[in-house]
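Colleague: Got a structure here, written out as structure tokens. Questions coming.
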Amino acid sequence: MTDGNDERAFGRQTKLVHTGRRPSEQFGFVNTPPFRGSTILYPDLESFETNALPYSYGRTGNPSSQGVQELITALEGAKGTVLTPSGLSAISTALISVAKAGGDVLITDSAYGPTRRFADTVLKRIGVEPRYFDPRIGSEIAQLVTDKTCGIFLESPGSLTFEIQDVPAISEVARRHNIPVLIDNSWATPLYLRPLDLGADIVVHAGTKMFVGHSDAMVGTISANERYWPQVNETHRALGIYLAPDEAFLTARGMRTLELRMKEHSSRSVEMANWLEGMGGVTRVLHPALPSHLDHALFSRDFKGSGSLFSIILEPRSRTALAAMVDHWSVFGMGASWGGYESLALPSWPEKVRTAVPWNEDGQMLRLHIGFEDMNDLKSDLAEGLARYLAAD
Ligand SMILES: *Cc1c(COP(=O)(O)O)cnc(C)c1O
């Protein structure tokens, strides 16, 4: 096997294992180490004047970040990728790269909360108006587009409420009006959804989640097609955004096993969602791979597998009942984020943030990330938790 980026059309699993590594340039060591540094020394005036070295300054990249960029670019089928210190900074940088003062940005009402906060504070202040739309809008988005619209931001599925967006239909409208489509693809990863193939222009990831995969680092990524790559790259560079080499190292290490982890997460989350659908105390399971899900047909058309994450709606009970459930898990943990090997259950309140389409479910939402513990232990934990929930006042 040759180093790094061979031009041959290797399969996806081979790319996951080999792309972005160059053992022969580092004494045969398998992994690219974290290249820490600011200054890069030039041997002579000629090389300095002509910028002849592959790297010029710490902030603008090093072999650790370069390898991760190459791999994500290959997986997304993009023109290029830049890295940021968190998923949220990838989202804000991507939005700034398309924002125009006096314009508006259409954002799905199901977007990750901090995405909305960025749009409602910073974007608004610099003269870009966020306008939220029904995640199920499809081609009807044409009615919301104005001649000032400078971007359409999707997140499919929404990370709390799990509506699937019709990326091809929305992208088709956007293309007619010359508007870039941005999408947060953290849930599916490029293994299960390739938004650029469906017409989107810019893809962002909270790499903190599935790419890193072990809850031990934070990273964001922005990939763009040929048309939008120059302005994404320029914006990222101008803002001085930089991913620390240790985080790049951990991202690369996580990604080598992404295929195996996603396969396992996918089958486990679907099995658990199906099992929960019949459980007492659960009124609804929001998982797009289930036939009962409103957008199941769209999901089956566009996605090649499921993420680890889904939500359930509990029968309405008191806060005391919720505490009885979530204060006494034996396996599940309660905490933000997801994508690690450990299972998580997080009470969530989408009704507090939605503005375009009110969230009218009666019961409490619980968002679940299914990790790699024994399925029987996870099911017992959930069954016991539900029993405590139903038994409390
Ligand atoms: C967590 C998350 C983000 C933000 O990523 P951070 O690395 O925590 O900043 C963005 N989008 C989605 C869907 C997420 O779940």
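Colleague: If I ask for residues that are out of contact with any strand residue (DSSP E or B) (no Cβ under 7 Å at 6 or more places or on another chain) and closer than 21 Å to Lys79 by Cβ, which ones from the stretch 146-198 would you list?
Modeller: Listed by number, the residues that qualify are Pro168, Glu172, Arg175, Asn178, Ala188, Thr189, Pro190, Leu191, Leu193, Arg194, Asp197, Leu198.
Colleague: Restricting the stretch 203-243 to residues that are within 16 Å of the ligand (Cβ to nearest atom) and aromatic (Phe, Trp, Tyr), which is surrounded by the fewest Cβ atoms within 10 Å (Cβ to Cβ)?
Modeller: Tyr242
Colleague: List every residue pair whose Cβ atoms sit under 7 Å apart, with the two residues 6 or more apart in sequence or on different chains, where the first one lies in the stretch 273-295 and is farther than 16 Å from Ala188 by Cα and in contact (Cβ under 8 Å) with a residue 24 or more places away in the chain and the second, anywhere, is in a helix (DSSP H, G or I) and of a type in the set (Asp, Glu).
Modeller: Short answer, once both residue conditions are applied: Val285/Glu277.
Colleague: What residue, among those in the stretch 99-113 that are over 19 Å from the mean Cα position of the chain (by Cα) and within 19 Å of Leu88 (Cβ to Cβ), is surrounded by the most Cβ atoms within 10 Å (Cβ to Cβ)? I'd like the intermediate steps shown before the answer.
Modeller: Restricting attention to the stretch 99-113, the residues satisfying the condition of being over 19 Å from the mean Cα position of the chain (by Cα) are 99-105.
Now narrow it down to the ones that are within 19 Å of Leu88 (Cβ to Cβ): 99, 105.
Details: Ala99: 20, Val105: 24.
So the residue we want is Val105.
Colleague: Hey, Asn178 hits all of (1) part of a loop (DSSP other than H, G, I, E, B); (2) of a type outside the set (Lys, Arg); (3) surrounded by fewer than 21 Cβ atoms within 10 Å (Cβ to Cβ); (4) touching a Leu at 6+ places or on another chain (Cβ under 9 Å) but one; which does it fall short on?
Modeller: If we test Asn178 against (1) part of a loop (DSSP other than H, G, I, E, B); (2) of a type outside the set (Lys, Arg); (3) surrounded by fewer than 21 Cβ atoms within 10 Å (Cβ to Cβ); (4) touching a Leu at 6+ places or on another chain (Cβ under 9 Å), just (4) comes out false.
Colleague: Those residues that are in a loop (DSSP other than H, G, I, E, B) and within 15 Å of the ligand (Cβ to nearest atom), I need them from the stretch 304-358; list them, please.
Modeller: Answer for the stretch 304-358, where residues must be in a loop (DSSP other than H, G, I, E, B) and within 15 Å of the ligand (Cβ to nearest atom): Ser306, Gly307, Ser308, Gly335, Ala336, Ser337, Trp338, Gly339, Gly340, Val353.
Colleague: Let me ask something else about it. If only one of Thr146, Thr93 is assigned to a loop (DSSP other than H, G, I, E, B) and either within 16 Å of the ligand (Cβ to nearest atom) or surrounded by fewer than 24 Cβ atoms within 10 Å (Cβ to Cβ) (or both), which one is it? I'd like the intermediate steps shown before the answer.
Modeller: Details: Thr93 fails: assigned to a loop (DSSP other than H, G, I, E, B).
Sole residue among the options that is assigned to a loop (DSSP other than H, G, I, E, B) and either within 16 Å of the ligand (Cβ to nearest atom) or surrounded by fewer than 24 Cβ atoms within 10 Å (Cβ to Cβ) (or both): Thr146.
Colleague: Also, quick follow-up: Which condition from (1) outside any helix (DSSP H, G or I); (2) surrounded by 21 or more Cβ atoms within 10 Å (Cβ to Cβ); (3) out of contact with any Lys or Arg (no Cβ under 8 Å at 6 or more places or on another chain) is the one that Leu290 breaks?
Modeller: Exception for Leu290: condition (2).
Every number here is computed from the coordinates shown, using simple stated rules; none is lab data. Since the structure is predicted, the reported quantities are computational estimates derived from the model, not experimental observations. Virtual Cβ from ideal backbone geometry, glycine too; neighbours counted across all protein chains shown.
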